[in-house]
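Notes to accompany the following structure.
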Amino acid sequence: MTQTPKKINVLEAIRQGKIGGGESHVLDLVSYLDKQRFKPVVLSFTDGPMMQSLQQMGVPGYVIHTEKPFDIRVWKQVKDFLRKQEIDIVHVHGTRANTNVLWAARTLKLPVIYTIHGWSFHDDLPFFKRMARIVAEKIITFNTRLNITVSDANQYTGHKALGAFKSVVVKNGVNLRRFNASATYPDVKAAYGIPEHHLVLGYIVRITGQKDPLGMIRAFAAVYAARPDVTLLMIGEGDLKDAAVQLAKDLQVDSRIVFDNFRTDVPAVLHAIDIYCLPSLWEGFPIGVLEAMAMGKAVIASDVDGTKEAIQHEVTGLLVPPKDTPALAEAIIRLVDDTQLRQELQTNARNSIIANFDAKIMTGKIETLYQQLLTPTGVD
């Protein structure tokens, strides 16, 4: 009798259980992994909706709670967890998860893959804080067996900032089974009480400084003054949410902005909008943009980092300079007025995702890297 080969136990570790770009990436990855060859296990350092999604998928998910990087108090717990789960490969997503997994993995001589979903250092940080983060990234990227960057821009930034840095580029993909523009969805627009004749702008991300929510609201105020039959749907949570709500009141547009917390039914929310906006200051390779494009939505986003690798300006979306409120408002008004352009961008966006950014293909590339890590020669 032929003996069935032992499955490769892969740990996918991530900072938090809330739903964001990195978390969506992990969910898609474990969904598409070949379960005949791999057994995925997910470790998060906070609880949240992602853990419930894993349970529904039948993928083991665990939480070792900490919200701090380099938290040595949990390192032994992580080591014991890796040993108990008989992990063969450790795949960490994001800097904070890496800082709390790397020591344990290395002491057990396990190969570590680090996916950089966006560098922890950026130009808006104070000088010494940025330098400290660069040092931290040098340490953890040097001590992994393989680094994955999700965009060419992030790979270039790594070379520029870290010097002796090597990575393989594997761009993010979208779960096309879930983000299906042809499927039927609940009427989210009606549920929020948005007038049927209104065009809906969608801002569906973490409400933090990186995503420039205050710039989004200022741009919307300018749009609303010129084209009143619009509504802005802001779905997300973050440290700037209270400030965003207050700014909407101050600008007297709060009646036309719908705020809500994170939702797990993102495809239904995207189905309800007409134009997706992401005015980020920096990005790795934004999954939210890819998901909106997969749902056949016109996208306006900042011309930064990996975003400009996802969007071809004037073909699959519109790119505007970051922190440029007038340019963002002008782009929105352009798509509100130009129905033909909006429809062309929607069609082209959907086709681009199907051709280039399918999560199934992304997962296949990562599976190949897993296999190569366990061969004697490893990854070149």
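So here's what we get for this one:
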item	result
Residue order, fewest to most beta carbons within 10 Å, for 38, 127	127, 38
Viscosity 0.890 mPa s, temperature 25 °C, Stokes-Einstein D of the chain from Kirkwood C-alpha radius, µm²/s	114
Relative contact order for the chain, counting Cα pairs under 8 Å that sit 6 or more residues apart, in percent	15
Percent antiparallel among DSSP beta bridges (both partners in the chain, rounded to 5)	0
Geometric extent, Cα atoms of segment 188-356 - Rg, Dmax (angstrom)	14.3, 44
Ratio of the Cα radius of gyration of segment 106-204 to 2.2 N^0.38 Å, where N counts its residues	1.61
Calculated P(r) tail over 18 Å for segment 14-108, as whole % of Cα pairs	41
Alpha-carbon centroids, segment 256-278 and segment 80-140: separation in whole Å	32
Measure of compaction for segment 48-187 (Cα Rg per 2.2 N^0.38 Å)	1.20
Where Cα atoms sit under 23 Å apart: lysine pairs in segment 93-223 separated by 8 or more or lying on different chains	10
Span from the segment 161-181 Cα centroid across to the segment 329-369 one, whole angstrom	15
Kirkwood-based Rg to Rh ratio, segment 180-245, C-alpha trace	1.01
Angle in degrees between helix 75-84 and the longest Cα principal axis of the chain, rounded to the nearest 10	70
Calculated FRET value between residue 374 and residue 73, using beta carbons and R₀ = 45 Å, to 0.05	0.90
GluC sites (Glu not before Pro) within segment 264-373, DSSP loop, no more than 12 other Cβ atoms inside 10 Å	314
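Every read-out reported here was derived from the displayed coordinates using simple, explicitly stated rules and does not represent laboratory data. Since the model is a prediction, treat every value here as computed from it, not as a measurement. Here the Cβ is made from the backbone with ideal geometry for all residues, glycine too, and neighbour counts use every protein chain on show.
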